[in-house]
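The values are calculated or read from the model by the stated rules, or taken from the named source; none is laboratory data. Note that the structure is a prediction, hence the values are computed from the model and not measured. Reconstructed Cβ throughout: ideal geometry from the backbone, glycine too, with neighbour counts over all protein chains shown. Heads up: the accessible areas ignore ligands, DNA and RNA and are worked out on the full protein's heavy atoms, side chains in. Shrake-Rupley method; radii C 1.70, N 1.55, O 1.52, S 1.80 Å.
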2 protein chains.
Amino acid sequence: MAQKGSYRLSIRIYLPSGLRLGPGKIALLEAVEEAGSISGAARLIDMSYKRAWDLIEELNTSLKEPAIFTMQGGSHGGGSKLTRSGKLLVEYYRKFEQETYDSGKSSLRAISRLMLDDNS
Amino acid sequence: MAQKGSYRLSIRIYLPSGLRLGPGKIALLEAVEEAGSISGAARLIDMSYKRAWDLIEELNTSLKEPAIFTMQGGSHGGGSKLTRSGKLLVEYYRKFEQETYDSGKSSLRAISRLMLDDNS
(Lines give C-alpha, C1' and ligand atoms only; values in the text may rest on other atoms or scores of the structure.)
Protein backbone atom coordinates (compact mmCIF):
# COMPACT_ATOMS: atom_id res chain seq x y z
CA MET A 1 0.00 0.00 0.00
CA ALA A 2 1.57 3.24 -1.10
CA GLN A 3 1.39 6.52 0.75
CA LYS A 4 1.28 10.00 -0.74
CA GLY A 5 0.50 13.13 1.19
CA SER A 6 -2.16 12.55 3.79
CA TYR A 7 -3.85 9.45 2.35
CA ARG A 8 -2.94 5.96 1.28
CA LEU A 9 -4.55 3.82 -1.36
CA SER A 10 -5.21 0.13 -1.62
CA ILE A 11 -6.08 -0.95 -5.14
CA ARG A 12 -7.32 -4.43 -5.93
CA ILE A 13 -7.67 -5.63 -9.52
CA TYR A 14 -10.17 -8.42 -10.21
CA LEU A 15 -9.08 -10.35 -13.28
CA PRO A 16 -11.60 -12.41 -15.33
CA SER A 17 -9.98 -15.64 -14.09
CA GLY A 18 -11.09 -14.73 -10.58
CA LEU A 19 -7.56 -13.74 -9.57
CA ARG A 20 -7.48 -10.76 -7.23
CA LEU A 21 -4.31 -8.75 -7.56
CA GLY A 22 -3.74 -6.32 -4.71
CA PRO A 23 -1.14 -4.88 -2.35
CA GLY A 24 -0.63 -8.18 -0.50
CA LYS A 25 0.47 -10.28 -3.47
CA ILE A 26 2.60 -7.49 -4.88
CA ALA A 27 4.36 -6.92 -1.55
CA LEU A 28 4.99 -10.66 -1.36
CA LEU A 29 6.63 -10.72 -4.80
CA GLU A 30 8.80 -7.75 -3.88
CA ALA A 31 9.78 -9.51 -0.66
CA VAL A 32 10.76 -12.68 -2.55
CA GLU A 33 13.04 -10.59 -4.75
CA GLU A 34 14.55 -8.97 -1.67
CA ALA A 35 14.86 -12.05 0.53
CA GLY A 36 15.77 -14.53 -2.20
CA SER A 37 13.40 -17.17 -0.84
CA ILE A 38 9.73 -17.65 -0.10
CA SER A 39 10.32 -18.41 3.58
CA GLY A 40 12.50 -15.30 3.91
CA ALA A 41 9.87 -13.23 2.11
CA ALA A 42 7.11 -14.49 4.40
CA ARG A 43 9.18 -13.52 7.45
CA LEU A 44 9.94 -10.12 5.93
CA ILE A 45 6.30 -9.17 5.54
CA ASP A 46 5.07 -11.07 8.59
CA MET A 47 3.00 -13.58 6.62
CA SER A 48 2.70 -17.27 7.37
CA TYR A 49 4.74 -19.55 5.11
CA LYS A 50 1.59 -21.44 4.13
CA ARG A 51 -0.22 -18.26 3.13
CA ALA A 52 2.78 -17.08 1.11
CA TRP A 53 2.87 -20.42 -0.73
CA ASP A 54 -0.86 -20.34 -1.37
CA LEU A 55 -0.71 -16.82 -2.83
CA ILE A 56 2.24 -17.69 -5.04
CA GLU A 57 0.56 -20.88 -6.21
CA GLU A 58 -2.54 -18.85 -7.07
CA LEU A 59 -0.43 -16.36 -9.02
CA ASN A 60 1.60 -19.00 -10.80
CA THR A 61 -1.50 -20.82 -12.05
CA SER A 62 -3.09 -17.60 -13.31
CA LEU A 63 -0.11 -16.35 -15.28
CA LYS A 64 1.12 -17.49 -18.68
CA GLU A 65 4.54 -17.91 -17.04
CA PRO A 66 4.95 -18.47 -13.29
CA ALA A 67 5.85 -15.37 -11.26
CA ILE A 68 8.50 -17.18 -9.24
CA PHE A 69 10.96 -19.95 -9.88
CA THR A 70 12.66 -21.98 -7.21
CA MET A 71 16.25 -23.02 -7.69
CA GLN A 72 17.06 -26.62 -6.86
CA GLY A 73 20.20 -27.44 -4.87
CA GLY A 74 23.38 -25.59 -5.90
CA SER A 75 25.86 -24.13 -3.47
CA HIS A 76 23.19 -21.94 -1.85
CA GLY A 77 20.52 -24.65 -1.67
CA GLY A 78 16.96 -23.77 -2.79
CA GLY A 79 16.10 -20.12 -2.97
CA SER A 80 13.50 -18.40 -5.15
CA LYS A 81 13.57 -15.54 -7.59
CA LEU A 82 11.08 -13.59 -9.63
CA THR A 83 10.76 -14.61 -13.25
CA ARG A 84 10.49 -12.00 -15.98
CA SER A 85 6.71 -12.37 -15.71
CA GLY A 86 6.84 -11.78 -11.94
CA LYS A 87 9.01 -8.70 -12.36
CA LEU A 88 6.70 -7.26 -15.02
CA LEU A 89 3.65 -7.90 -12.85
CA VAL A 90 5.18 -5.88 -10.01
CA GLU A 91 6.35 -3.17 -12.39
CA TYR A 92 2.95 -2.75 -14.08
CA TYR A 93 1.06 -2.80 -10.77
CA ARG A 94 3.31 -0.12 -9.23
CA LYS A 95 3.05 1.95 -12.40
CA PHE A 96 -0.74 1.63 -12.30
CA GLU A 97 -0.74 2.72 -8.66
CA GLN A 98 1.41 5.74 -9.46
CA GLU A 99 -0.85 6.70 -12.36
CA THR A 100 -3.82 6.49 -9.99
CA TYR A 101 -2.20 8.93 -7.57
CA ASP A 102 -1.22 11.27 -10.34
CA SER A 103 -4.53 11.30 -12.19
CA GLY A 104 -6.63 11.36 -9.04
CA LYS A 105 -4.75 14.02 -7.13
CA SER A 106 -7.45 16.65 -7.33
CA SER A 107 -10.31 14.23 -6.59
CA LEU A 108 -8.44 12.91 -3.56
CA ARG A 109 -7.85 16.45 -2.39
CA ALA A 110 -11.56 17.20 -2.85
CA ILE A 111 -12.42 14.15 -0.71
CA SER A 112 -9.92 15.23 1.98
CA ARG A 113 -11.52 18.66 2.12
CA LEU A 114 -14.83 17.11 3.16
CA MET A 115 -13.17 15.53 6.18
CA LEU A 116 -13.05 16.92 9.71
CA ASP A 117 -9.32 16.35 10.00
CA ASP A 118 -8.56 18.10 6.73
CA ASN A 119 -5.57 20.36 7.00
CA SER A 120 -5.10 21.25 3.36
CA MET B 1 -16.92 -1.84 -7.50
CA ALA B 2 -16.89 -0.67 -11.09
CA GLN B 3 -16.34 -2.83 -14.12
CA LYS B 4 -14.61 -1.90 -17.34
CA GLY B 5 -13.55 -4.32 -20.02
CA SER B 6 -12.32 -7.57 -18.56
CA TYR B 7 -11.30 -6.41 -15.10
CA ARG B 8 -12.88 -4.71 -12.12
CA LEU B 9 -11.24 -2.48 -9.57
CA SER B 10 -11.75 -2.02 -5.87
CA ILE B 11 -10.12 1.14 -4.57
CA ARG B 12 -9.90 1.88 -0.86
CA ILE B 13 -8.73 5.28 0.37
CA TYR B 14 -7.19 5.48 3.85
CA LEU B 15 -7.71 8.94 5.30
CA PRO B 16 -5.46 10.29 8.07
CA SER B 17 -8.36 10.03 10.56
CA GLY B 18 -8.28 6.28 10.11
CA LEU B 19 -11.42 6.33 7.96
CA ARG B 20 -11.34 3.81 5.14
CA LEU B 21 -13.38 4.88 2.17
CA GLY B 22 -14.06 2.10 -0.32
CA PRO B 23 -16.70 0.56 -2.57
CA GLY B 24 -18.84 -0.63 0.37
CA LYS B 25 -19.47 2.77 1.97
CA ILE B 26 -19.98 4.44 -1.40
CA ALA B 27 -22.50 1.80 -2.52
CA LEU B 28 -24.33 2.27 0.79
CA LEU B 29 -24.60 6.03 0.27
CA GLU B 30 -25.89 5.51 -3.26
CA ALA B 31 -28.42 3.01 -1.94
CA VAL B 32 -29.66 5.49 0.70
CA GLU B 33 -30.24 8.03 -2.04
CA GLU B 34 -32.11 5.42 -4.07
CA ALA B 35 -34.14 3.83 -1.28
CA GLY B 36 -34.80 6.98 0.75
CA SER B 37 -34.01 5.26 4.02
CA ILE B 38 -31.18 3.44 5.74
CA SER B 39 -33.19 0.27 6.27
CA GLY B 40 -34.25 0.29 2.61
CA ALA B 41 -30.64 0.88 1.55
CA ALA B 42 -29.40 -2.02 3.68
CA ARG B 43 -31.96 -4.32 2.06
CA LEU B 44 -31.02 -3.06 -1.40
CA ILE B 45 -27.36 -3.98 -1.04
CA ASP B 46 -27.94 -7.01 1.19
CA MET B 47 -26.23 -5.53 4.24
CA SER B 48 -27.41 -5.87 7.83
CA TYR B 49 -29.17 -2.82 9.26
CA LYS B 50 -26.66 -2.69 12.10
CA ARG B 51 -23.70 -2.72 9.72
CA ALA B 52 -25.27 0.01 7.58
CA TRP B 53 -25.78 2.17 10.69
CA ASP B 54 -22.24 1.56 11.88
CA LEU B 55 -20.76 2.55 8.53
CA ILE B 56 -22.89 5.68 8.32
CA GLU B 57 -22.03 6.62 11.89
CA GLU B 58 -18.34 6.20 11.04
CA LEU B 59 -18.74 8.40 7.97
CA ASN B 60 -20.78 11.04 9.77
CA THR B 61 -18.19 11.44 12.52
CA SER B 62 -15.31 11.75 10.04
CA LEU B 63 -16.88 14.39 7.84
CA LYS B 64 -17.18 18.12 8.49
CA GLU B 65 -20.89 17.73 7.72
CA PRO B 66 -22.70 14.39 8.12
CA ALA B 67 -23.21 12.41 4.89
CA ILE B 68 -26.81 11.59 5.68
CA PHE B 69 -29.65 13.29 7.44
CA THR B 70 -32.72 11.58 8.77
CA MET B 71 -36.05 13.32 8.52
CA GLN B 72 -38.24 13.26 11.60
CA GLY B 73 -41.93 12.53 11.31
CA GLY B 74 -43.81 14.29 8.48
CA SER B 75 -46.38 12.61 6.25
CA HIS B 76 -43.87 9.96 5.15
CA GLY B 77 -42.42 9.29 8.61
CA GLY B 78 -38.61 9.06 9.00
CA GLY B 79 -36.60 8.49 5.86
CA SER B 80 -33.02 9.49 5.14
CA LYS B 81 -31.33 11.47 2.42
CA LEU B 82 -27.80 12.35 1.43
CA THR B 83 -26.62 15.78 2.49
CA ARG B 84 -24.60 17.94 0.12
CA SER B 85 -21.49 16.51 1.76
CA GLY B 86 -22.69 12.94 1.18
CA LYS B 87 -23.48 13.66 -2.45
CA LEU B 88 -20.08 15.25 -3.03
CA LEU B 89 -18.33 12.31 -1.38
CA VAL B 90 -20.00 9.89 -3.80
CA GLU B 91 -19.35 12.19 -6.76
CA TYR B 92 -15.63 12.63 -5.99
CA TYR B 93 -15.09 8.94 -5.29
CA ARG B 94 -16.75 7.89 -8.57
CA LYS B 95 -14.77 10.54 -10.43
CA PHE B 96 -11.57 9.27 -8.84
CA GLU B 97 -12.45 5.72 -9.85
CA GLN B 98 -13.11 6.80 -13.42
CA GLU B 99 -9.81 8.69 -13.55
CA THR B 100 -8.07 5.54 -12.33
CA TYR B 101 -9.55 3.49 -15.17
CA ASP B 102 -8.72 6.14 -17.73
CA SER B 103 -5.15 6.80 -16.63
CA GLY B 104 -4.35 3.16 -15.95
CA LYS B 105 -5.81 1.66 -19.11
CA SER B 106 -2.51 0.67 -20.66
CA SER B 107 -1.02 -0.65 -17.40
CA LEU B 108 -4.13 -2.74 -16.79
CA ARG B 109 -3.92 -4.07 -20.32
CA ALA B 110 -0.26 -4.93 -19.75
CA ILE B 111 -1.20 -6.85 -16.60
CA SER B 112 -3.98 -8.70 -18.45
CA ARG B 113 -1.53 -9.74 -21.14
CA LEU B 114 0.56 -11.61 -18.54
CA MET B 115 -2.46 -13.73 -17.62
CA LEU B 116 -3.33 -17.18 -18.96
CA ASP B 117 -6.92 -16.18 -19.70
CA ASP B 118 -5.89 -13.06 -21.58
CA ASN B 119 -7.93 -12.60 -24.70
CA SER B 120 -6.78 -9.16 -25.73
For this session: Mind checking B:102-108 for the average number of partner chain beta-carbons within 10 Å of each residue's beta-carbon?
Result: 6
Exercise. Which residue, chosen from A:A52, A:L89, A:S112, occupies the Cα position most advanced towards the positive end of the dipole of region A:18-113, where the dipole is computed from +1 (Lys, Arg) and -1 (Asp, Glu) charges on Cβ about the Cα centre?
Worked result: A:S112
For this session: Describe numerically, in nm with one decimal, the distance between label points set 7 Å from Cα along Cα→Cβ at A:K105 and at B:T83.
Result: 3.0 nm
Exercise. What dipole magnitude, in Debye to the nearest 20, does region B:18-113 give about its Cα centre under +1 on Lys/Arg Cβ and -1 on Asp/Glu Cβ?
Worked result: 240 debye
Exercise. What's the buried accessible area, both sides, between B and A using a 1.4 Å probe, rounded to 100 Å²?
Worked result: 3800 Å²
Exercise. For label points placed 7 Å from Cα toward Cβ, what is the shortest-first list of nm distances from B:G78 to its copies?
Worked result: 5.6
Exercise. Helix A:84-113 versus the longest principal axis of chain A: what is the Cα-based angle in degrees, 0 to 90, to the nearest 10?
Worked result: 10 degrees
Seminar exercise, completed: Taking Cα pairs closer than 8 Å and at least 6 residues apart, the relative contact order of chain A in percent is 18 percent
For this session: Specify, for chain A, the residue whose C-beta is closest to the rotation axis mapping it onto chain B, with the distance given in whole Å.
Result: A:S103, 2
Exercise. Kirkwood Rh, Cα Rg: Rg to Rh for region A:1-60?
Worked result: 1.02
For this session: Kindly give the distances from A:P16 to its copy-mates, label point to label point, with each label point 7 Å from Cα along Cα→Cβ, as nm values to one decimal ordered shortest first.
Result: 4.3
Exercise. Taking region A:37-71, which trypsin sites (Lys or Arg not before Pro) meet the DSSP loop condition and have no more than 13 other C-beta atoms within 10 Å?
Worked result: A:K64
Seminar exercise, completed: Taking Cα atoms, the helix A:23-35 axis meets the longest principal axis of chain A at an angle in degrees (rounded to 10) of 50 degrees
For this session: Determine one quarter of the surface area of the Cα convex hull of region A:18-113, which equals its mean projected area, and express it in nm² to one decimal.
Result: 7.7 nm²
Seminar exercise, completed: Under a Gaussian network model of chain A whose springs join Cα atoms within less than 10 Å, the largest fluctuation of A:S48, A:S106, A:S80 belongs to A:S106
For this session: Rounded to the nearest 500, what is the 222 nm mean residue ellipticity of chain A from helices alone, with -39500 (n - 2.57) per DSSP H run of 4+ residues and division by all residues?
Result: -17500 deg cm²/dmol
For this session: Every other copy gets compared here: list the nm distances from the B:S48 label point (7 Å along Cα to Cβ) to its counterparts, shortest first, one decimal.
Result: 2.5
Seminar exercise, completed: Across chain A, qualifying lysine pairs (alpha carbons under 29 Å, at least 8 places apart or different chains) come out at 21
For this session: Compute the Kirkwood hydrodynamic radius of the protein assembly as shown, taking the inverse of the mean of 1/r over all pairs of distinct Cα atoms, and give it in Å to one decimal.
Result: 19.8 Å
